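Worksheet for the structure shown next.
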Amino acid sequence: MPQSPLLVKAAAGRQICDITPESAGWTHVGFRALRLEAGESESLETGTRELCLVVLTGTVDVQVGGTTHAGLGSRESVFEEKSPDALYVPGGETVVITARGPAEVALCTAPYEGGKSVRRIDGSSMRRSVRGQGSNTRHVCDVLMADDPTADHLLVTEVITPGGHSSSYPPHKHDRDMPPEETLLEETYYHRLNPPQGFAFQRVYTDDRSLDEACVVEDHDVVMVPRGYHPCVAPHGYDLYYLNVMAGPGRAWHFRNDPAHEWMLQTPPKP
């Protein structure tokens, strides 16, 4: 069976994935994930794009210009009940990331318009919440969402879905620029599994089924969501983590639920 064009399989070695607007065939979102060993460095230029660097695991020092942002990151696993540390970097900057020990970092990018500043975002300041109920319960950490004016276009959040649960569900979409009902946002899902030999499922589909892709995701895989609904399911025994990166012409997250499944959000009548 051919692989879905929306599924980016993880690579072994230093660079896990590298998704650009050109490779994705869209306009806004870029996403890279890197593994770094102790003492290893990665240098990059932000150029015409803004960057949210999320320290998924391990600890890194990040130099931007002449300033070092030391000791970013403190968790050993993305499944810890602990928020990540992050660093926002505007366009036109040189960035050097150096790992103090084994580390995994995510580089989330979008177009930059100007007027923003470098900002360290400590995990202790991030909002954590629980969404859904029953087997639709999931745990959310807002890394850089729309109520934080730090960025021009980027929206970044983490979600943990316990085994046997669904997420991004009921299915919702954000592919029309019609605020406040819906906003146009491209999106990537960077998946991790616990234990790591597990797998999960994600479907991406539109109302007219002109896009209808079902993806089996494994540890470190990415699913690209150019449009349409995009629910996930974590099988029993395997918790699912994903890092969401969204960006579009604006910076607001308004979505439309699939009307065929919206009934499950209705409050049941009292007996």
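Read-outs: derived from the displayed coordinates by stated rules, not from any lab. All values reported here derive from a predicted model rather than from experimental measurement. Cβ atoms come from the backbone with ideal geometry, glycine included; neighbour counts cover every protein chain shown.
Quick look at the numbers
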| read-out | value |
| --- | --- |
| For segment 105-119, 3J(HN,Hα) per residue [Karplus equation, 6.51 cos²θ - 1.76 cosθ + 1.60, θ = phi - 60°, Hz, x = Gly/Pro] | 10, 10, 10, 9, 10, 7, x, 10, 9, x, x, 9, 10, 4, 9 |
| Only Lys, Arg (+1) and Asp, Glu (-1) charged, at Cβ; the chain dipole about Cα centre in debye | 480 |
| Alpha carbon convex hull of the chain, volume per residue in cubic angstrom | 141 |
| Label point 7 Å beyond Cα of Thr68 along Cβ direction - residues of segment 80-109 with amide nitrogen under 16 Å | 95-101 |
| Shape category assigned to segment 90-223 from the gyration tensor of Cα positions, a/c cut at 1.5 | oblate |
| Residue with peak Gaussian network fluctuation, the chain [Cα springs, cutoff 10 Å], from Pro90, Pro170, Pro196 | Pro196 |
| Distant-in-sequence amide H partners of Arg100 (H built 1.01 Å from N, under 5 Å) | Gly39, Thr59, Val60, Asp61 |
| Choice from Val233, Val95, Val130 with maximal GNM fluctuation in the chain (Cα, 10 Å cutoff) | Val130 |
| Full-extension gain in nm, Phe201 to Phe255, via 0.36 nm per residue minus C-alpha separation | 17.3 nm |
| Segment Glu218-Arg100, extension gain: residue separation times 0.36 nm, minus the distance between their alpha carbons | 39.7 nm |
| J(HN,Hα) series, segment 81-95, from Karplus relation 6.51 cos²θ - 1.76 cosθ + 1.60, nearest Hz, glycine and proline x | 7, 8, 7, x, 9, 9, 9, 8, 10, x, x, x, 10, 9, 10 |
| Inter-site label distance for Phe79 and Ala146 at 7 Å from Cα along Cβ, in nm | 3.3 |
| Label-point separation, Arg127 to Thr20 (7 Å along Cα→Cβ), nm | 3.5 |
| Gyration tensor (alpha-carbon) shape descriptor, segment 2-146, a/c threshold 1.5 | rounded |
